[in-house]
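What follows is one structure encoded as structure tokens, with my remarks underneath.
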Amino acid sequence: MSMFKKFAVWFAAIFAATALMTAYAADPVIEQAKAQGIVGEQYDGYIGIAKPGSASAEVKRKVDETNSGRLAEYTRISQKTGDPVSTVAAAMALKLFANAKPGEVLKAGPTDPWKQQP
């Protein structure tokens, strides 16, 4: 695949993934949990539970549901681009971090603590 074609496929895939992420992020349970700092975006392209003691069963279920949807989309993009799923997920993490709202919590690395977005 030529470099231009690969770039075009990658761009289209990221656009599709962004639409999917917006749909999942619009879940009111997740949005409320994000606003409260209970869940946040992680370095790996998935959401995580920042305050396990504050997460209800509903929040935990929605986190699992959202992450399953993200994995499916990352896998689909991976198959189109030939990039590993982890690379696709990490690229989305960068986009999600850039679009984080003030007050949301983010986890920049596997051993990093959760930090609130200023």
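Below is a table of values for the structure above.
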| quantity | calculated |
| --- | --- |
| Per-residue Cβ neighbour rank within 10 angstrom, fewest leading, 78, 86 | 86, 78 |
| Dipole magnitude of the stretch 35-118 about its Cα centre (Cβ charges: Lys, Arg +1; Asp, Glu -1), debye to nearest 20 | 100 |
| Long-range HN-HN contacts of residue 39 with modeled amide H, under 5 Å | 34, 50 |
| Proxy reagent accessibility, fewest Cβ within 10 Å first, across 63, 85 | 85, 63 |
| Difference of contour (0.36 nm per residue) and Cα-Cα distance, residue 27 to residue 65 | 12.6 nm |
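Read-outs: derived from the displayed coordinates by stated rules, not from any lab. Please read these numbers as outputs of a predicted model, since none were measured by experiment. Positions of Cβ are backbone-derived with ideal geometry, glycine not excepted, and every protein chain shown enters the neighbour counts.
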